[in-house]
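As structure tokens, the structure follows; a few thoughts come after it.
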Amino acid sequence: MSEAEKESVLIVGGGIAGITAALNVADYGYKAYLLDDTPSIGGLMARLDKTFPTNDCSICIEAPKMYEVKSHENIEIVANADVRKVEAVDGHFKVRVLKRAIFIDEEKCNACGKCVEKCPVTIPDELDARIGGTRKLISVPFPQAVPNMNYVNILCRTGKMRDKGACVGGCVVDCSQCRECGVAMCVKACRDEGKGAVMLWQKDQWLDLKVKSIIVATGVKTAPLEKGTWGLDVYPNVIDYMNFERTMNSGGPTLGEIVRPSDGHHAHKIAWIQCAGRGEKGLNYCSKVCCMVAAKQTIITKEHDPNVECAVFYNNQTCYGKGFDEFYKKASSLGVRYIVGKPFDVTEDPETHNLTIRYEDESTGEIKEEEFEMLVLSTGLVPNERNERLAKVLKIELDHNGFFKEAEPLSKPLETAVPGIYLAGGATGPIDISESVAQATAAGMKAVSKR
């Protein structure tokens with residue numbers, strides 16, 4: 001079958017579910033378009049430290065799959081893109097895709113880093129800011145990114161970072177009208193390397209695809225909390241569990257050292273609050289993974305230093321998967337304290353930045369207080385913010401929580417009300433990595449089997 005004749009499948013979302021689905025589809029001889037709205041595939045899994053319940057290295061598992069996607073002859077990565085229009089015609093879908101400019105020539109950039117060195121502006125990292133993470137206005141998404149290349153922050157390109165010291169934005173000629181930039185330091189640094197990969201005049205592209213099936217694998221994100229919730233964004237040593245995950249990660253801003261954001265000192269007494277943000281004003285469902293994430297993080301913390309005191313405040317313990325109960329028991333056996341009770345007040349010592357937690361111990365009914373050096377909030381998982389717009393484009397339904405809705409969960413799992421559009425992973429709701437992979441494999445089979 002020639003390339004022109006090859007049937008195609010579009011996978012929307014480049015996390016572990018999308019990657020698995022794309023490889024599955026491609027191995028059956030179909031062309032897979034793997035689309036993500038960020039400059040790299042990998043999703044949340046690429047930023048984790050370990051996976052539960054085995055505590056295997058997360059990126060060590062996913063990176064080989066990411067590189068396999070890049071090198072697979074039947075897979076085309078469409079990064080930094082959005083699906084804007086879908087039309088069903090003669091058993092296929094005509095898909096209009098907007099591929100947003102990253103202002104880099106993908107064929108020329110090898111992520112040498114010279115442009116990053118010359119960039120004059122450092123900004124807070126979108127994921128790691130609470131724990132001191134920063135990036136330049138031109139940078140790679142993360143060290144193992146695929147495609148592995150730099151991209152220019154759109155705020156720089158539009159001149160909105162000029163007051164922060166950015167070199168772009170003061171020119172009287174718009175970048176799109178010019179090809180001989182003598183202003184931007186990143187352009188000059190790249191040209192000095194003989195590459196010419198930085199292209200501030202690059203424009204967005206429109207792509208037209210014709211595909212047999214579509215798999216939606218848009219994933220999840222950590223739930224945002226209001227400023228001040230248990231001191232979050234008020235006290236520096238209160239962080240959420242994704243921040244702590246990045247703290248443990250050797251590729252994170254602290255290089256794997258479990259230290260306090262306030263002073264960079266190692267924390268010796270850490271508390272976790274489960275179901276943070278759940279209740280009357282927050283999530284109305286269990287996110288399934290948070291209990292195991294806390295167990296994983298306490299175990300790894302103990303592996304770093306057995307003398308660190310760890311306490312987990314919880315109401316219900318969810319251990320629904322294979323090996324999960326044993327994983328929780330392992331944390332307990334290492335000395336992790338599990339306290340049944342939800343804290344109601346957190347205050348900070350302004351001199352030490354230690355945190356005092358007041359809570360009701362439900363096992364005794366007593367009001368107690370205890371001092372900790374760090375507090376980690378398990379915030380739960382919510383739908384990807386692009387779900388609502390994508391649902392309208394695909395003409396499929398969302399449930400009341402904002403996840404994509406299966407038409408018949410029992411008789412037609414992972415299928416939507418639109419024939420030929422399938423679901424996988426976090427698109428359907430909170431889910432762990434192993435379940436995401438299983439669903440993606442099934443969705444891939446459905447996509448290529450569609451008649």
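The values are calculated or read from the model by the stated rules, or taken from the named source; none is laboratory data. None of these values were measured; they are calculated from a predicted model. We place every Cβ from the backbone using ideal geometry, glycine too, and count neighbours over all the protein chains shown.
So the values come out like this:
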| read-out | value |
| --- | --- |
| Residue within region 142-150 that is outside any helix (DSSP H, G or I) and without any contact (Cβ under 8 Å) to a residue 24 or more places away in the chain present | no |
| Residue under evaluation Ile102, criteria (1) part of a loop (DSSP other than H, G, I, E, B); (2) crowded, with 21+ Cβ neighbours inside 10 Å; (3) in contact with an Asp or Glu (Cβ under 8 Å, 6 or more places away or on another chain), criterion not met | (3) |
| Residue tally, condition of a type in the set (A, V, I, L, M, F, W, C), in contact with a Phe, Trp or Tyr (Cβ under 7 Å, 6 or more places away or on another chain) and buried (at least 21 other Cβ atoms within 10 Å of the Cβ), over region 411-451 | 5 |
| Of the criteria (1) in contact with a Leu (Cβ under 7 Å, 6 or more places away or on another chain); (2) surrounded by 15 or more Cβ atoms within 10 Å (Cβ to Cβ), which one Trp206 fails | (2) |
| Number of the condition not met by Val234 [criteria: (1) at pLDDT below 95; (2) over 28 Å from Asn387 (Cα atoms); (3) not basic (Lys, Arg)] | (1) |
| Odd one out for Gly228 among (1) at pLDDT below 95; (2) within 20 Å of Thr134 (Cβ to Cβ); (3) loosely packed, with under 15 Cβ neighbours inside 10 Å | (2) |
| Some residue of region 14-26 being at pLDDT 95 or above, touching an Asp or Glu at 6+ places or on another chain (Cβ under 9 Å) and in a strand (DSSP E or B) | no |
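A quick yes/no check of all residues on (1) farther than 25 Å from Val69 by Cβ; (2) in contact with a Pro (Cβ under 9 Å, 6 or more places away or on another chain); (3) at pLDDT 95 or above:
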residue: Phe93; (1), (2), (3): no, no, yes
residue: Val97; (1), (2), (3): no, no, yes
residue: Ile102; (1), (2), (3): no, yes, yes
residue: Glu106; (1), (2), (3): no, yes, no
residue: Asn110; (1), (2), (3): no, no, no
residue: Thr122; (1), (2), (3): yes, no, yes
residue: Glu126; (1), (2), (3): no, no, no
residue: Lys136; (1), (2), (3): yes, yes, yes
residue: Pro143; (1), (2), (3): no, no, no
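Results for (1) farther than 17 Å from Asn384 by Cβ; (2) in contact with a Leu (Cβ under 6 Å, 6 or more places away or on another chain); (3) buried (at least 22 other Cβ atoms within 10 Å of the Cβ), shown as yes or no for each residue.
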{"residue": "Ala17", "(1), (2), (3)": "no, no, yes"}
{"residue": "Val25", "(1), (2), (3)": "yes, no, yes"}
{"residue": "Tyr33", "(1), (2), (3)": "yes, yes, yes"}
{"residue": "Leu44", "(1), (2), (3)": "no, no, no"}
{"residue": "Arg47", "(1), (2), (3)": "no, no, no"}
{"residue": "Ile61", "(1), (2), (3)": "yes, no, no"}
{"residue": "Lys70", "(1), (2), (3)": "yes, no, no"}
{"residue": "Ala79", "(1), (2), (3)": "no, no, yes"}
{"residue": "Arg84", "(1), (2), (3)": "no, yes, no"}
